1. For the chain, what is the charge dipole size about the Cα centre, in debye to the nearest 20, if Lys and Arg each add +1 at the Cβ and Asp and Glu each add -1 at the Cβ?
2. In the structure displayed, which of 56/198; 78/128; 25/186; 31/79 lie more than 22 Å apart, Cα to Cα?
3. Give the lysines reachable from residue 103 as a straight Cα distance under 18 Å; neighbours fewer than 8 places away on the same chain don't count.
4. Considering only the other residues whose Cβ falls under 11 Å of the Cβ of residue 228, what net charge follows from Lys and Arg at +1 and Asp and Glu at -1?
5. For residue 149, what residues show an amide H to amide H distance below 5 Å, using hydrogens built from the backbone and excluding near sequence neighbours?
6. Give, as a single signed number, the net charge of other residues whose beta carbon lies under 15 Å from the beta carbon of residue 20, with Lys and Arg counted +1 and Asp and Glu -1.
7. So what is the 222 nm mean residue ellipticity for the chain from helices alone, if each DSSP H run of at least 4 adds -39500 (n - 2.57) and you divide by all residues, rounding to the nearest 500 deg cm²/dmol?
8. Report the full-extension gain for the segment residue 75 to residue 175: residue separation times 0.36 nm, less the Cα-Cα distance, to one decimal in nm.
Amino acid sequence: MAHNLLKGKRGIIFGALDENSIAWKTALKVKEEGGSFVLTNAPIAMRMGKINELAKACDAEVIPADATSEQDLENLFKKATEVLGGKLDFVLHSIGMSPNIRKERPYGDMNYDWFLKTIDISALSFHKTMQTAEKLDAMNEWGSFLALSYIAAQRSYPDYTDMAQAKAMLESIARSYGARYGRLKKVRVNTISQSPTKTTAGAGISGFDVFFDYAQLMSPLGNASAEDCANYIAVMFSDLTRMVTMQNLMHDGGFSGTGITEDLIERLTK
Ligand SMILES: NC(=O)c1ccc[n+]([C@@H]2O[C@H](COP(=O)([O-])OP(=O)(O)OC[C@H]3O[C@@H](n4cnc5c(N)ncnc54)[C@H](O)[C@@H]3O)[C@@H](O)[C@H]2O)c1
């Protein structure tokens, strides 16, 4: 059911690769809620993914940008404000990639060039995005930036390796930039820490199915789906949450507050 929560709002959605992507579901939800936006992804992902299909469904323009390139980001923000006819109200950073995870390097044998790439793509790009927007004065007052995080920023997960550091940095950037942007322009900056979700990025982590099932058993409400996440994002882009900033918001069915559940006890009782 639509509520017109984002009527008249303009923005940018990064990271829709295919129909499983959290950004894909978000684009559909934002559209349903009356928002208009441009879609963007890395040029390589454009060739592999299905973003044009989504663009058609949302009546949105696609502007390629590698989120690690300040030049690409500048071009993206300039074009987005042109195409949409004014300053922006929301930006979703739904980007993550670790070459070390992709190439299955264990945590005791990290390739440090790749480690830096993980940080650049998955965390620093969020800072670059906001710095670009600030320099171009591309945001309206009370605008909302969101990035997607994971609880591995706070707790260890064996196969999440260098992405855990990237997520910790991402959350820290949200706090620091949120302080700056709030004072400067009343722009809000938050991260959403999402349940394990069956997407290309999620399934790329070895053991994913096991920690998906574990989180399901450990969450009183069960795992939050990509659609649930899209709903939450729409609310965080709306004026209903205008005083929320500099937060890491747990969107995990209660996982982060749970010690153990009856379901898990039953499972482990021989
Ligand atoms: N899937 C999960 O279990 C889960 C859980 C918590 C948080 N997250 C986070 O959610 C976000 C979205 O991931 P997803 O699960 O929807 O997977 P996804 O694979 O659909 O999306 C990841 C996106 O990052 C994009 N990307 C990679 N490098 C880029 C670059 N240099 N420039 C621009 N874009 C680039 C990819 O093209 C892709 O569209 C990520 O930050 C991820 O870490 C995912």
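Bear in mind that the values in this text are calculations on the coordinates, not laboratory data. Keep in mind that what you see is a predicted model, and the values were worked out from it rather than measured. Reconstructed Cβ throughout: ideal geometry from the backbone, glycine too, with neighbour counts over all protein chains shown.
1. It works out to roughly 660 debye.
2. 56/198; 25/186
3. Residue 103 reaches 117.
4. Within the 11 Å Cβ shell, the charges total 0.
5. 192, 193, 194
6. Summing Lys/Arg as +1 and Asp/Glu as -1 gives -2.
7. Helix contribution divided over all residues of the chain: -13500 deg cm²/dmol.
8. Computed gain between residue 75 and residue 175 is 33.4 nm.
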